[in-house]
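J.: Can you read through this structure? Questions will come right after.
The values are calculated or read from the model by the stated rules, or taken from the named source; none is laboratory data. If you're wondering where the values come from, they're calculated on a predicted model, not measured in any experiment. Heads up, the Cβs are rebuilt from the backbone with ideal geometry, glycines too, and the neighbour counts pull from every protein chain shown. All accessible areas refer to the heavy atoms of the entire protein, side chains included, with ligands and DNA or RNA removed. Shrake-Rupley method; radii C 1.70, N 1.55, O 1.52, S 1.80 Å.
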Amino acid sequence: METIELTRKELYHIVWSTTLSKLTQQYAYTNDGIKKICKQYEVPMPDGSYWSKLKFNKKFKKEKLNPVFNSVDKIILAIREEGNPINIDNTPLTIRTKEIESDPKAPLIVPEKLTKPDILIQNTKSYHQSRKNKDFVRNDKLDIVHIYVEEANYNRALNIMDSFIKLLRHRGHSFRRDRNNYGPKIVAYDVEFSWNIREKTKRILSDKIYETATYIPTGILILQIGESFRAKEWVDGATKLENRLSKVVAKIELDALKELEWREECRIHRIQEAEKEKLRKEFQAKRDIELLNTKDLFKLAEYHNKANIIRDYISRIENQEPDNNQESTELIEWIKWAKDKADWLDPLVNKNDELLNEKDKEDFTNQKQTSNSFYRY
């Protein structure tokens, strides 16, 4: 979209020399949009009586522009393209609605009579006629539109839904049953919407005790999109449903795009959480290995320490003076046996033993001290 750059002084001269209606024709803004820009840049605007006083050469007071402005004196305005009714300060719903309405091929007019009805409308009309027969049997496999109105308003509802379906198909959307085989649902950008049209009723309380209230049809039609707390309803009013179909379709498309954004955020979140979980498991696996290796290190150090305790004990035995100044054969053999056991226990030597194994080392080093207390019951 083409733009123009103005100063505050230039904008001031424009708004005091051109009416708002002409400004909205030149620039892609609504009346309120231009007023907000003037307020943002502290540019005074004429009141409603200014233009009539100017037209009839009456006296008026022109508010002066304050030259002091505590921000950048640079204003960018979007120029309106010829034939483009969209204002950049409109809401997304208004912009999307105008886009639909500006499409010359869009089927926006609801005819008084059905003309080449959509297959869903054909099914619905056939189903409605079949219900009047005594031998009627419901066909759950037939895709029909859900219409809950009195007979007097049925044709009008059928015409509205036919145009609504055709507009949705023109916009590239489709219909299908959901995973529970309910439907047909509107499918916009692969997002499903429930939909129906019904007649508003008025509740009349009974004058008699113990009698329930009655509900009288009002002729006011309601088009509902969605279900439960997320449902959106369009009700007949000053503007009939026939003239609001473009806004309904625009709302469906925007909600579908919002749903897709949410799905993408969820997908990215799941990927991030999966990556976090992967890193957590990798860290836990490394930690488990590290803990196991550390325990093994501590165990080997403990074996070595206890082997040295045995060697120290053997050394003390050897340094003792024998009573007969001669070591007995039994003592010599015991010392050799004890040194072999120290070498078997010491991981730095790790001497093989014919009778003992690694499990025996753990049993020796993890021996619990027995209590000398009495038996306890």
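J.: Say we join alpha carbon atoms closer than 10 Å with springs in a Gaussian network model of the chain; which of E81, E264, E362 then has the biggest fluctuation?
T.: For the chain, modelled as a Gaussian network with Cα springs under 10 Å, the answer is E362.
J.: Taking the solvent-accessible surface of protein heavy atoms with a 1.4 Å probe, what is the per residue accessible area of the chain in Å²? Please report the intermediate quantities before stating the final value.
T.: Values: 27570 Å² over 377 residues.
Each residue of the chain exposes 73 Å² on average to a 1.4 Å probe.
J.: Taking the highest mean first, how do the peptides 68-80, 214-226 order by number of other beta carbon atoms within 10 angstrom per residue?
T.: Peptide ranking by packing, descending: 214-226, 68-80.
J.: So what are the ³J(HN,Hα) numbers for the range 144-154, from phi and the Karplus equation (6.51, -1.76, 1.60; θ = phi - 60°), rounded to whole Hz, Gly and Pro as x?
T.: In residue order, the calculated couplings are 10, 8, 7, 10, 10, 9, 5, 4, 5, 10, 5 Hz.
J.: Out of all Cα-Cα pairs in the range 1-92, roughly what percent, to the nearest whole number, are more than 18 Å apart?
T.: Here the long-distance tail beyond 18 Å is 47 percent of all Cα pairs in the range 1-92.
J.: So, one more: Using only DSSP helix segments of four residues or longer, with each worth -39500 (n - 2.57), what per-residue ellipticity at 222 nm results for the chain after dividing by its residue count and rounding to 500?
T.: Values: 10 runs with 170 residues, N = 377.
Counting only the DSSP helices, I get -15000 deg cm²/dmol.
J.: Additional query: How big is the charge dipole of the range 1-62 about its Cα centre, in debye rounded to the nearest 20, if each Lys and Arg gets +1 on its Cβ and each Asp and Glu gets -1 on its Cβ?
T.: So the dipole magnitude of the range 1-62 works out to roughly 520 debye.
J.: Right, another one. So, R0 is 22 Å and r is the distance between the beta-carbons of E151 and T218; what FRET efficiency does that work out to, to 0.05? Before the final figure, lay out each step's value.
T.: Working: r = 15 Å, r/R0 = 0.67.
Rounded to the nearest 0.05, the efficiency is 0.90.
J.: Under 10 Å, Cα contacts only: if you run a Gaussian network model on the chain, which one of K341, K247, K36 comes out with the highest mean-square fluctuation?
T.: K341
J.: Using a simple spin-label model with points 7 Å from Cα along the Cα→Cβ vector, what separation in nm is obtained for D363 and L114?
T.: Modelled inter-label distance: 9.1 nm.
J.: Let me ask another. Over 21 Å between Cα atoms, which of K295/K359; K185/K240; K185/K251; K105/K200; K105/K141 qualify?
T.: K185/K240; K105/K200; K105/K141
J.: Hey, got the dipole for the range 5-103? About the Cα centre, +1 on K and R Cβ, -1 on D and E Cβ, debye to the nearest 20?
T.: So the dipole magnitude of the range 5-103 works out to roughly 800 debye.
J.: For Cα Rg over 2.2 N^0.38 Å, several values are listed as (1) 0.92; (2) 2.14; (3) 1.01; flag the one computed from this structure.
T.: Recomputing Cα Rg over 2.2 N^0.38 Å here gives the entry labelled (2).
J.: Let me ask something else about it. Which far-off residues, 5 or more places away or on another chain, put their amide H under 5 Å from the one on K185, with H placed in the peptide plane?
T.: When sequence neighbours closer than 5 places are left aside, the close amide H contacts are R176, R177, D178.
J.: To the nearest 20 Debye, how big is the dipole of the range 66-155 about its Cα centre, given +1 on the beta carbon of each Lys and Arg and -1 on that of each Asp and Glu?
T.: Using Cβ point charges on Lys, Arg, Asp and Glu, the range 66-155 gives about 480 debye.
J.: Right, something else. Say the dipole of the chain comes from +1 at the beta carbon of Lys and Arg and -1 at that of Asp and Glu; which of Q40, W51, Q284 then lies farthest toward its positive end?
T.: In the chain, that residue is W51.
J.: Also: Give me the percent of the accessible area of the range 189-251 that comes from carbon and sulfur atoms, probe 1.4 Å, all protein chains in place. Could you put the intermediate results ahead of the total?
T.: Details: 2030 of 4070 Å².
Carbon with sulfur: 50 percent of the solvent-accessible area.
J.: Then there's this: By how many degrees, between 0 and 90 and to the nearest 10, does the Cα long axis of helix 31-40 differ from the longest principal axis of the chain?
T.: The answer is roughly 60 degrees.
J.: Where in the range 168-196 is the amide nitrogen less than 13 Å from a point lying 7 Å along the Cα-to-Cβ axis of S130?
T.: none
J.: Tell me, in nm to one decimal, what length is gained between A274 and E81 on full extension, where the rule is 0.36 nm per residue of separation less the Cα-Cα distance?
T.: 64.6 nm
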